[in-house]
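Only one structure is covered here, and it is reproduced in the block below.
The values are calculated or read from the model by the stated rules, or taken from the named source; none is laboratory data. In this text the structure is predicted, and so the values were computed from the model without any measurement. Quick reminder, even Gly has a Cβ in these numbers, built from the backbone with ideal geometry, and neighbours come from all protein chains shown.
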Ligand SMILES: O=P(O)(O)OC[C@H]1O[C@H](OP(=O)(O)OP(=O)(O)O)[C@H](O)[C@@H]1O
Ligand code: HPA
Ligand SMILES: [Mg+2]
C-alpha cells in the first residue's frame with residue numbers, strides 16, 4: 001500500500017483489493033442468477049457507492065440501468081446524525097421496476113432504512129440492497145440486506161469509496177486510519 005499510504009495516515013488494511021475484486025465477482029454472479037430474465041435498475045447512493053457501483057455493474061452479465069441518489073446524513077463527522085435529506089433525487093420513475101440499491105457501507109443503518117422506505121413508497125416491483133460492507137450496529141434496525149460484501153467490526157473505515165472528510169475514497173482497499181488523523 002506504499003503508493004497510496006497517504007503519508008502514514010493509514011493504520012491497517014481490513015479488506016485487500018484482491019478480496020474486493022473476488023467478492024464483487026461472486027455478488028455479480030448471484031445477482032445475475034436472481035434477476036435472470038428480469039429488468040434491473042441499480043440505484044447507487046452518492047458518493048460512497050461510486051466504486052462498488054462501477055465494479056458491480058461491469059461484473060454483471062446482465063443488462064441493467066444505473067441511476068443515482070445523493071442523501072446526506074453524515075456531513076464531515078464520523079457518526080450519523082440520523083436526519084436524512086435528499087440532495088439529488090433519481091432521474092428515473094421506479095414504478096414497477098426492480099430496484100437494487102447499491103451502497104458502500106451500512107453502519108447505523110439509518111440512511112438505508114429511510115431510503116428503502118422512501119423508494120418503496122414510489123411503487124417499485126421490488127427493492128433489494130447490495131452493500132460492500134455491513135457493520136454490527138445495522139443489526140439493530142429492521143433492514144433486510146440481500147447482498148453483502150463483508151461484515152466488518154465497528155471501526156471507522158476508509159477506501160473503496162468510503163471517505164473521512166471527503167478524503168481517502170480512491171484507495172483501492174478498505175482500511176482504518178491512524179488515530180493522529182482524527183486528533184489533528
Ligand atoms: O448506515 P449509516 O450509519 O446511515 O451510514 C451509511 C451511509 O453513510 C455514508 O454516506 P455519507 O452520508 O457519509 O455520504 P458519502 O457517501 O458522500 O460519503 C455511506 O456512504 C452510507 O450512505
Ligand atoms: O466507517 C465509515 N467510513 C466512512 N463513511 C462512513 N459512513 C458510515 N460509516 C462510515
Ligand atoms: Mg461519507
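Annotations for the structure displayed:
- Exclusive hit being in contact with a strand residue (DSSP E or B) (Cβ under 8 Å, 6 or more places away or on another chain) and within 23 Å of residue 30 (Cα to Cα), set 84, 71, 145: 145
- Residue match in the stretch 53-72 (condition: within 16 Å of ligand 3 (Cβ to nearest atom) and at pLDDT below 95): yes
- Candidates are the residues of the stretch 164-178 that are within 12 Å of ligand 1 (Cβ to nearest atom) and crowded, with 18+ Cβ neighbours inside 10 Å; the one that is farthest from residue 116 (Cα to Cα) is 168.
- Restricting 119, 137, 143, 112 to residues that are near ligand 1 (Cβ under 10 Å from one of its atoms), farther than 26 Å from residue 10 by Cα and surrounded by fewer than 22 Cβ atoms within 10 Å (Cβ to Cβ) narrows the list to 143.
- Residue 161 being at positive phi and in contact (Cβ under 8 Å) with a residue 12 or more places away in the chain: yes
- Inclusion of residue 77 among residues that are modelled with pLDDT under 95 and at positive phi is not warranted.
- Residues satisfying the stated conditions in the stretch 168-184, i.e. modelled with pLDDT of 95 or more and part of a loop (DSSP other than H, G, I, E, B): 168, 169, 170, 171, 172, 173
- Residues that are within 16 Å of ligand 1 (Cβ to nearest atom) and within 14 Å of residue 67 (Cβ to Cβ) were ranked within the stretch 87-97; the one that is surrounded by the most Cβ atoms within 10 Å (Cβ to Cβ) is 90.
- Exactly one residue out of 150, 156 is within 14 Å of ligand 3 (Cβ to nearest atom) and within 23 Å of residue 18 (Cα to Cα): that is 156.
- Restricting the stretch 110-120 to residues that are within 16 Å of ligand 3 (Cβ to nearest atom) and under 23 Å from residue 55 (Cα atoms), the residue that is farthest from the chain's Cα centre (by Cα) is 115.
- The one condition in (1) within 16 Å of ligand 3 (Cβ to nearest atom); (2) at pLDDT 90 or above; (3) touching a strand residue (DSSP E or B) at 6+ places or on another chain (Cβ under 7 Å) that residue 165 fails to fulfil: (3)
- Check on residue 100, within 12 Å of the chain's Cα centre (by Cα), over 30 Å from residue 12 (Cα atoms), more than 9 Å from ligand 1 (Cβ to nearest atom) and surrounded by 17 or more Cβ atoms within 10 Å (Cβ to Cβ): yes
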